[in-house]
Ligand SMILES: *Cc1c(COP(=O)(O)O)cnc(C)c1O
């Protein structure tokens, strides 16, 4: 039969020869998979099967390849991908929380998680409670508690939680533990093997938007676990929420994973040099970083970050006699440090925040400037801060 041109152009061309091998896997883009017969199509529909190729929302060889790599990175067994870091946080919240359940969040949590849980509290009667991450005693779960969120280090002010103490307390009461491990990135500590007793979290979420992407240009999140039952629960919510990631984004992250450990080390090294400089600036009354002995949770960081690594974020508390206008002027005056959210890319970023932390014994809110240290030469970054400090004079 002679086919019309419209028909010929609409039919699939599946012609990759078996013997052709490239370093990078070809990028699969699929909503639809095609089957040889109806029985194969019916069999594929079982979404609990690993590597399910029934419909694009479940995954493609490209997305499964990245998920497998992230599971290796995190020391877990199972991994699911979703379109942003925040989407995996909400995936965990909506999988494990029901009306009346209690959930605990550290006071220095990634703020949108707090906002998501507040929304669940208002609409569905989830009970949200907050604790001081360096004080296990402040975590006082009732029998309704279902989930303990951990974040190491915490957002903006970077206190490092008593991970072992908190996890042990939750486990003793049968409470599920979930960590936001974006800062550690699977490199600074192993969420699934934290100490000699192999203390482990149940679930780890990671904003792949940050170090795995490394470019400030891709949004993605992962949720990992070592427990198949938990994995299946998250998988079901994931499947029903219809959240899927792009093959092109996965291939780009996969490619950047190879350099991630090197990049992370460099972000860390640059940050340590910057800390020395910042400690001498009199307009900054305190430098906040887990490697500093007086920092809240320093000993907990030492206990689980046996690599000695601490990412590329450092914050400073601005001296109380400086005005918010001066702080804004300082941020605006910086050239190399760009004003922007997120982190993990080559370009340094800066922003100021107003926070109050029990962990830091703050009695009233203080202004903090957070530096996201990129991959530029550290001397240039220091020079940039030096010239911007004139606004404080
Ligand atoms: C950025 C970030 C997220 C959210 O990731 P997005 O991909 O930006 O949604 C979650 N947790 C932490 C600690 C983050 O820094």
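Summary table
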| read-out | value |
| --- | --- |
| Subset of region 11-60 (residues that are outside any loop (DSSP other than H, G, I, E, B) and in contact with a helix residue (DSSP H, G or I) (Cβ under 9 Å, 6 or more places away or on another chain)) | 55 |
| Of all residues making up region 238-290, the number that are closer than 30 Å to residue 32 by Cβ and either surrounded by fewer than 20 Cβ atoms within 10 Å (Cβ to Cβ) or within 19 Å of the chain's Cα centre (by Cα) (or both) | 19 |
| Residue check for residue 235: within 16 Å of the ligand (Cβ to nearest atom), at negative phi and in contact (Cβ under 8 Å) with a residue 24 or more places away in the chain | no |
| Condition check for residue 292: over 28 Å from residue 191 (Cβ atoms) and modelled with pLDDT of 95 or more | no |
| Residue 176 within 16 Å of the ligand (Cβ to nearest atom) and either in contact (Cβ under 8 Å) with a residue 12 or more places away in the chain or farther than 30 Å from residue 218 by Cα (or both) | no |
| Residues being closer than 16 Å to residue 91 by Cα, within 13 Å of the ligand (Cβ to nearest atom) and surrounded by 23 or more Cβ atoms within 10 Å (Cβ to Cβ) - total across region 199-228 | 9 |
| Looking only at region 329-360, and only at residues there that are more than 18 Å from residue 267 (Cβ to Cβ) and assigned to a strand (DSSP E or B), the one that is nearest to the ligand (Cβ to nearest atom) | 353 |
| Residue pairs meeting the criteria (Cβ under 6 Å; at least 6 apart or on separate chains; first farther than 14 Å from residue 180 by Cα and in a helix (DSSP H, G or I), in region 72-93; second modelled with pLDDT of 95 or more and within 14 Å of the ligand (Cβ to nearest atom)) | 73/186 |
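The values are calculated or read from the model by the stated rules, or taken from the named source; none is laboratory data. Note that the structure is predicted; figures quoted are calculated from it, not measured. Every residue, glycine among them, receives a Cβ derived from its backbone with ideal geometry; neighbour counts consider all protein chains shown.
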